[in-house]
Amino acid sequence: MGEDVSDMHRFSARSEHGNTLPELLVVLVLIGAMASIAVPLLLSYLPSATANYAARELQSGLNRAKLMAVTTRQAVCVQPTASGYRFFQNTTCTGTPWSGAGTDANGVFSLANNITVALAAGSNPIFNQFGVAVQTGTLRVTGQTGSSMTVSVQASGRVTIP
C-alpha cells in the first residue's frame, strides 16, 4: 500500500526490454559456428547430388527408349553424345536420329547442369520390340566437378544405377 506507482512502472518496464548485447553476441556466435559446419557439408554434397540426379534422368531416358521399342515394334538404339543422348530406330545407331518431345534440333536429349554422357562399358544399348536389350551397355554421367555415376542396361532390359 505504500508502494510508489512510479516504482511499479519502472520495474515492469525494465522486464519488457529486449535482449542485452552479450546475449545477442552469443546467439550470433552460435549461428556462425553452425554455418561454418553446414556450408562445407553442403558444398561437398551438391556435386554428388547433381550426378545422382543426372543418372536418374538418364535411367528414365533409357526406360523411355525401351518403351518406344515396345510401342513402335522397332528396335531402338541409344547413343550417348557429349551433352546427352539420342535415339535411333534401328540397331546400328546410324541415320537420322529420332526427334520428338524433349529433343533439340539434332534429336539430342540434353541433361541438366552441363552433365556429360559417355559409354563406360559395352556398346550402345539396343532394345528390341519386346523391351529386351539385344545389346547391353553401361553409360557414365559426369558433372563439371568430376563426380560421376554409371547407368547400366542389363540383358533383360532392366535399367539400373549400381
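Laid out as a table, the results:
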{"quantity": "Residues of the stretch 135-162 satisfying the condition of being part of a strand (DSSP E or B), within 15 Å of residue 53 (Cβ to Cβ) and either small (Gly, Ala, Ser) or not assigned by TED's automatic domain parsing to the domain that holds residue 116 (or both)", "calculated": "148"}
{"quantity": "Filtered residues of the stretch 89-105 (kept if within 20 Å of residue 141 (Cα to Cα) and either of a type outside the set (D, E, K, R) or not in a loop (DSSP other than H, G, I, E, B) (or both))", "calculated": "93, 102, 103"}
{"quantity": "Members of the stretch 31-67 found to be loosely packed, with under 14 Cβ neighbours inside 10 Å, under 23 Å from residue 149 (Cα atoms) and among the polar types (S, T, N, Q), listed by number", "calculated": "44, 60"}
{"quantity": "Candidates 78, 70, 132 - the one that is β-branched (Val, Ile, Thr), closer than 13 Å to residue 151 by Cβ and assigned by TED's automatic domain parsing to the domain that holds residue 146", "calculated": "78"}
{"quantity": "Test for residue 70: is it among the β-branched types (Val, Ile, Thr) and either on the phi > 0 side of the Ramachandran plot or assigned to a strand (DSSP E or B) (or both)", "calculated": "no"}
{"quantity": "Residue within the stretch 124-147 that is hydroxyl-bearing (Ser, Thr, Tyr) and touching a helix residue (DSSP H, G or I) at 6+ places or on another chain (Cβ under 6 Å) present", "calculated": "yes"}
{"quantity": "In the stretch 109-130, residue surrounded by the most Cβ atoms within 10 Å (Cβ to Cβ) [restricted to those that are assigned to a loop (DSSP other than H, G, I, E, B) and at pLDDT 95 or above]", "calculated": "128"}
{"quantity": "Boolean, residue 44 is under 30 Å from residue 109 (Cα atoms) and not in a loop (DSSP other than H, G, I, E, B)", "calculated": "yes"}
{"quantity": "Residue selected from the stretch 69-122 under the condition within 17 Å of the chain's Cα centre (by Cα) and in contact (Cβ under 8 Å) with a residue 40 or more places away in the chain, by the criterion nearest to residue 161 (Cα to Cα)", "calculated": "117"}
{"quantity": "Members of the stretch 83-96 that are crowded, with 19+ Cβ neighbours inside 10 Å and over 12 Å from residue 65 (Cα atoms)", "calculated": "84, 93"}
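The values are calculated or read from the model by the stated rules, or taken from the named source; none is laboratory data. Quantities reported herein were computed from a predicted structural model and do not represent experimental measurements. Backbone-built Cβ (ideal geometry, glycine too); neighbour counts: all protein chains shown.
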